[in-house]
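Down below is the structure, laid out as structure tokens.
The values are calculated or read from the model by the stated rules, or taken from the named source; none is laboratory data. Since we're looking at a predicted model, the values are computed, not measured. No Cβ is skipped: glycine too gets one built from the backbone with ideal geometry, and neighbour counts run over all protein chains shown. Areas reflect the complete protein model, heavy atoms only, side chains present, ligands, DNA and RNA absent. Shrake-Rupley method; radii C 1.70, N 1.55, O 1.52, S 1.80 Å.
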Amino acid sequence: MKLATLKNNTRDGQLVVVSRALDKAVLVTDIANTLQNALDNWHEVSPKLAQVYQALNAGEVSDAIEFEQAQCESPLPRAYQWADGSAYVNHVELVRKARNAEMPETFWTDPLMYQGGSDAFIGPRDDINVGSTDFGIDFESEVAVITDDVPMAASAEEAAKHIKLIMLVNDVSLRNLIPGELAKGFGFFSSKPSSAFSPVAITPDELGNAWDGAKLHLPLTTHLNGDLFGQPNCGVDMTFDFPTIVAHAAKTRPLSAGCIVGSGTISNYDRSAGSSCLAEKRMLEIIADGKPSTEFMNFGDKVRIEMFDNDGVSIFGAIEQTVVEYKA
């Protein structure tokens, strides 16, 4: 099942069921007005949405509309929780190596996670507004899951049962603001502006064998200004799988329905697959040449993040965003 949220001049948008081919959609106001409403009542609502999805794909819905990705909010325009992990520890290791910093051994056994701002996500085709290029503007191509209610101290096995939807993420980062914030000892805030998510969120069964209940085994493709930047495989070199990082998020608190948990930047040891953020490419350049040669994003730069199935068909639609100067 594929779900999206259309812009309708309200904070939470309008939930629609989207066809597998991403070309048609149908309003489901009689079932749930918003995705959050659907997640709050997932056990009751999801079978009804699945029936609509089946009928839509069979061409049996008379009032279907054309689906336009540019009209989408992020599936959840705002959420009760956005917790982003760093499941690809080789990425963290690389970043620390470039600045000659030792990595604690616990990074391989205890997931790293930060709590991001979740009150104002931007749409998958919305501009990225930034005040200055001096901030070090970067994209981060990731995968995220959405849960229903997860009890506190849930095991990884229990957490797996609460993963209801999957989507892509552009976790925008302002790299030059990060060191100063981390030096204060509290973590990210200003250096992590609004994130954007893929046009559709999908149920795990849509992925077939590419989803094993814990990892997504497909490449995540990123283009920068029309050029292929990277396509590392999400199922390779993932130190902590999704049930593990969801359980980590719930270690000391319950997670409410609509909680979003991210994978962190997708990264493979095989560097021929490219990278999923500029920072990683710059780190590789520092290690090889002593200095970076790749710039962070400038105003006018465009990033596109997308995942394709084995037949080359887009699964989630595309995050495609342009960096623009913010003027109050």
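Here are a few things to note about the model shown:
- Heavy atoms of F299 accessible to a 1.4 Å probe, total area in Å² rounded to 10: 80 Å²
- Neighbour-limited loop hits for trypsin sites (Lys or Arg not before Pro), region 173-232 (at most 16 other Cβ within 10 Å; DSSP other than H, G, I, E, B): K184
- Region 120-194, accessible surface, carbon-and-sulfur percent (1.4 angstrom probe): 55 percent
- ³J(HN,Hα) computed for each position of region 218-234 - Karplus, 6.51 cos²θ - 1.76 cosθ + 1.60, integer Hz, glycine/proline x: 9, x, 10, 9, 10, 10, 10, 6, x, 9, 4, 9, x, 8, x, 7, 5
- Region 50-103, accessible surface, carbon-and-sulfur percent (1.4 angstrom probe): 40 percent
- Given in Å, the Rg to one decimal and the Dmax to the nearest whole number for the Cα atoms of region 241-313 are 17.1, 47.
- Full-stretch length increase - E44, E157 - with 0.36 nm per residue and alpha-carbon distance subtracted: 38.4 nm
- Here the Debye sum runs over all C-alpha atoms of the chain as equal scatterers in vacuum, and log10 of I(q)/I(0) at q = 0.07, 0.08, 0.10, 0.12 Å⁻¹ comes out as -0.26, -0.35, -0.55, -0.80.
- Centre-to-centre, using Cα atoms only, region 90-122 and region 179-244 are separated by 13 Å.
- Carbon + sulfur, % of accessible area of region 281-320 - ligands and nucleic acids excluded, 1.4 Å: 46 percent
- Mean separation of Cα contacts under 8 Å (6+ apart) over length of region 55-195, as relative contact order %: 23 percent
- For region 33-39, putting each phi into the Karplus relation 6.51 cos²θ - 1.76 cosθ + 1.60 with θ = phi - 60° gives couplings of 6, 10, 5, 4, 4, 5, 5 Hz, in residue order, rounded to whole numbers and with x for Gly and Pro.
- Cβ-based net charge around Q36, under 15 Å, with every Lys or Arg adding one and every Asp or Glu removing one: -4
- Potential lengthening of the chain between F189 and K291 amounts to 34.0 nm, from the contour at 0.36 nm per residue minus the alpha-carbon distance.
- Placing unit charges on the Cβ atoms only, positive for Lys and Arg and negative for Asp and Glu, gives the chain a dipole magnitude near 580 debye about its Cα centre.
- Helices in the chain, meaning DSSP H runs of at least 4 residues, each add -39500 (n - 2.57). Divided by all residues, the mean residue ellipticity at 222 nm is -5500 deg cm²/dmol.
- Subtracting the Cα-Cα distance of D309 and N90 from 0.36 nm times their residue separation leaves 76.3 nm of extension gain.
- Exceeding the 32 Å Cα-Cα cut-off - candidates K7/K161; K24/K281; K24/K161; K24/K215; K215/K281; K184/K291: K24/K281
- Taking all Cα pairs closer than 8 Å and separated by 6 or more residues, the relative contact order of region 154-208 comes to 44 percent.
- For region 12-133, size of Cβ-based charge dipole, Lys and Arg +1, Asp and Glu -1, in debye: 320 debye
- Of the residues F188, Y269, I128, the one whose Cα sits farthest toward the positive end of the charge dipole of the chain, with +1 on the Cβ of Lys and Arg and -1 on the Cβ of Asp and Glu, is F188.
- Accessible surface area normalised per residue over the chain is 45 Å², counting heavy atoms of protein chains with a 1.4 Å rolling probe.
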